[in-house]
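Structure record follows, encoded as structure tokens.
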Amino acid sequence: KPARFEPGTDWSYSNTNYVLARLLIEKVTGHSLAEEMQRLILGPLGLSGTVVPGADPEIPEPHTHAYYRYEDAGEPKTVDVTRQNPSWISTGGDMISTTRDLHTFISALMGGKLLPAPLLAEMCKPHPKTGYGLGVFVQDAGEGGGTVITHNGGMAGHAALMYSTPDGSKTLTAALNYADDTALSMAAAFQKATQELVKEVFGSGQAQ
């Protein structure tokens with residue numbers, strides 16, 4: 001496909017870029033992504049609740065349940081989609097973790113335990129159009145809260161929130177489960193609730 005724009009002139013999020021990163025890691029090291037993740041991040045940080053499942057549809061206990069809601073002949077149906085094969089999304093979301101491990105990870109990352117200072121600074125330098133850096137969003141926490149570094153995500157009924165101060169000293173992590181239904185999406189209400197939560201944790205504590 002042709003480029004959407006000249007390099008450096010615009011910005012566009014792409015999960016495909018994370019897939020390319022995986023292919024590069026495996027080509028350069030000769031190891032699987034799971035092996036390199038264990039060697040460089042999961043092992044050193046003691047993230048025992050985090051796995052790269054590949055084609056394994058099982059989820060370590062305990063875990064939440066995910067749901068998908070749809071209509072069949074005019075009748076609303078809800079199905080449990082907790083057990084699924086996540087390999088289709090590859091490095092765009094092929095990991096299972098816990099809120100405790102997310103806290104440890106983002107705190108270590110922002111605290112300089114995973115990247116040299118120049119690379120960490122480059123990662124957190126946002127694109128002026130979107131506030132997106134290299135894999136993280138850089139945003140205002142609200143009244144008196146300063147800056148927070150974040151990257152939330154989800155797939156097929158599961159989602160996670162992950163926020164940190166730039167030095168990793170304070171974090172907010174959460175796991176969510178939901179009915180994955182675009183037609184009945186509560187995206188606007190969810191975004192508002194998230195903003196209020198971030199303001200409460202990182203801001204002046206005056207959230208309403």
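Here are some notes:
- Along the chain, the exposed loop sites are chymotrypsin sites (Phe, Trp or Tyr not before Pro) outside DSSP states H, G, I, E and B with at most 11 other Cβ atoms within 10 Å, and the longest stretch free of them is 14-208.
- Volume per residue of the convex hull around the Cα atoms, evaluated for the chain, comes out as 170 Å³.
- Of 133, 84, 155, farthest towards positive along the dipole that unit charges on Lys, Arg, Asp, Glu beta carbons give segment 80-180: 133
- Segment 35-138: trypsin sites (Lys or Arg not before Pro) falling in loop per DSSP and having at most 12 other Cβ within 10 Å: 83, 129
- Mean residue ellipticity at 222 nm, helices only, the chain: -8000 deg cm²/dmol; runs of at least 4 DSSP H residues each add -39,500 (n - 2.57), and the sum is divided by the number of residues.
- Taken one residue at a time, the phi angles of segment 31-47 give Karplus couplings (6.51, -1.76, 1.60, θ = phi - 60°) of 10, 6, 4, 4, 5, 5, 4, 5, 5, 9, 10, 4, x, x, 8, x, 7 Hz. Gly and Pro are set to x.
- Å² of accessible area per residue within segment 116-157, as computed with a 1.4 Å probe and no ligands counted: 53
- This model, with +1 at the C-beta of Lys and Arg and -1 at the C-beta of Asp and Glu, gives the chain a dipole about its Cα centre of some 520 debye.
- Segment 4-157: relative contact order in percent, alpha carbon pairs under 8 Å with at least 6 residues between: 20
- The accessible surface of segment 50-101, taken with every protein chain in place and a 1.4 Å probe, is 52 percent carbon and sulfur.
- GluC sites (Glu not before Pro) within segment 10-62: DSSP coil, no more than 13 neighbouring Cβ in 10 Å: 58
- The HN-Hα couplings worked out from phi for segment 56-69 by the Karplus form 6.51 cos²θ - 1.76 cosθ + 1.60 (θ = phi - 60°) are 7, x, 7, 10, x, 7, x, 8, 7, 10, 10, 9, 10, 10 Hz, whole numbers, x standing for Gly and Pro.
- Size of charge dipole - segment 1-89 - debye, nearest 20, with Cβ of Lys, Arg +1 and Asp, Glu -1, no other charges: 300
- Farthest positive-ward along the chain dipole, Cα basis, beta-carbon charges - from 17, 59, 188: 17
The values are calculated or read from the model by the stated rules, or taken from the named source; none is laboratory data. Treat the numbers as computed from the prediction; the structure is a model and nothing was measured. Every residue, glycine among them, receives a Cβ derived from its backbone with ideal geometry; neighbour counts consider all protein chains shown. Surface areas here come from the heavy atoms of the whole protein model, side chains and all, with no ligands, DNA or RNA. Shrake-Rupley method; radii C 1.70, N 1.55, O 1.52, S 1.80 Å.
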